[in-house]
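Engineer: Dropping a structure here in structure tokens format, bear with me for questions.
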Amino acid sequence: MKKSLFFTFLMITTFATAQAINDDLKNALKTDNTTALKKLINSENINNCHTIETFEYTILALAIKTNAKGCFTSLLAEKANIEKACGDKTPLMYTAKYGRLDMAKALIKAGVKLRARNSKGRSALDYAKKYKQQEIMDYFTSFDQ
């Protein structure tokens with residue numbers, strides 16, 4: 001009973017705090033326009049969950065998804081939360097899903113928790129395996145040596 005109440009509360013607060021992403025921010029990420037991105041982000045929105053269709057992402061996760069390398073680097077410099085999970089995935093899980101090895105390396109260098117798990121018990125390594133991202137799997141497993 002307590003577990004179901006907790007998850008109900010978690011879902012309600014997640015949907016209540018998620019924001020629809022605006023077109024300017026989408027375009028900045030799509031075009032990897034760091035100048036536009038810097039004008040659009042602030043301490044109020046940099047770590048929020050943003051909704052696209054029915055999925056939620058942090059701006060950092062969207063930079064990973066769209067492979068916006070310049071925006072990704074800018075977000076790290078602006079101290080975006082590298083552990084923030086939206087849609088039950090952390091930024092590192094998105095690097096694994098999309099095969100963004102350089103971004104995964106940057107997150108690990110920045111101190112991300114490699115073995116963090118989501119509510120289903122999945123880690124970034126699990127996503128690398130699921131999406132058959134061999135380079136990412138090799139990199140993550142190299143830390144177990």
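Every number in this text was worked out from the coordinates using simple rules, so none of it is lab data. Computed from a predicted structure; not experimentally measured. Heads up, the Cβs are rebuilt from the backbone with ideal geometry, glycines too, and the neighbour counts pull from every protein chain shown.
Engineer: Go through (1) 2, 8, 14, 17, 18, 16, 12, 8, 4, 2, 1, 0; (2) 2, 10, 19, 22, 19, 14, 9, 4, 1, 0; (3) 2, 10, 21, 26, 25, 13, 3, 0, 0 and flag the label whose value is the computed P(r) over Cα pairs in 5 Å bins from 0, in percent for this structure.
Structural biologist: (2)
Engineer: Are there cysteines in the chain with no other Cys C-beta under 4.7 Å, and if so, which?
Structural biologist: Unpaired cysteines in the chain: Cys71.
Engineer: About the Cα centre of the stretch 28-145, what is the dipole size in debye to 20, counting +1 per Lys and Arg Cβ and -1 per Asp and Glu Cβ, all else neutral?
Structural biologist: Details: 20 positive and 12 negative charges, 29 e Å.
Value, rounded to 20: 140 debye.
Engineer: Would you compute, from DSSP H runs of 4+ residues alone, the mean residue ellipticity of the chain at 222 nm, taking -39500 (n - 2.57) per run and dividing by the full residue count, rounded to the nearest 500? Intermediate results must be reported in sequence, preceding the final value.
Structural biologist: Working: 9 runs with 79 residues, N = 145.
Helix-only estimate at 222 nm: -15000 deg cm²/dmol.
Engineer: Under 5 Å between amide hydrogens, which residues at least 5 positions from His50 or on another chain qualify, with H placed 1.01 Å from N in the peptide plane?
Structural biologist: So His50 has HN proximity to Gln19, Tyr57, Thr58.
Engineer: Would you mind ranking Phe140, Phe72 so that the residue whose beta carbon has the fewest other beta carbons within 10 Å leads the list? All intermediate terms of the calculation are to be shown ahead of the outcome.
Structural biologist: On the way: Phe140 24, Phe72 29.
By the 10 Å Cβ count, ascending, the order reads Phe140, Phe72.
Engineer: Amide H to amide H, which residues 5 or more places from Arg122 or on other chains are under 5 Å from it, using H placed in the peptide plane?
Structural biologist: none
Engineer: Identify, among Leu92, Leu60, Ala116, the residue whose Cα sits farthest towards the positive end of the charge dipole of the chain, taking +1 on the Cβ of Lys and Arg and -1 on the Cβ of Asp and Glu, with the dipole about the Cα centre.
Structural biologist: Ala116
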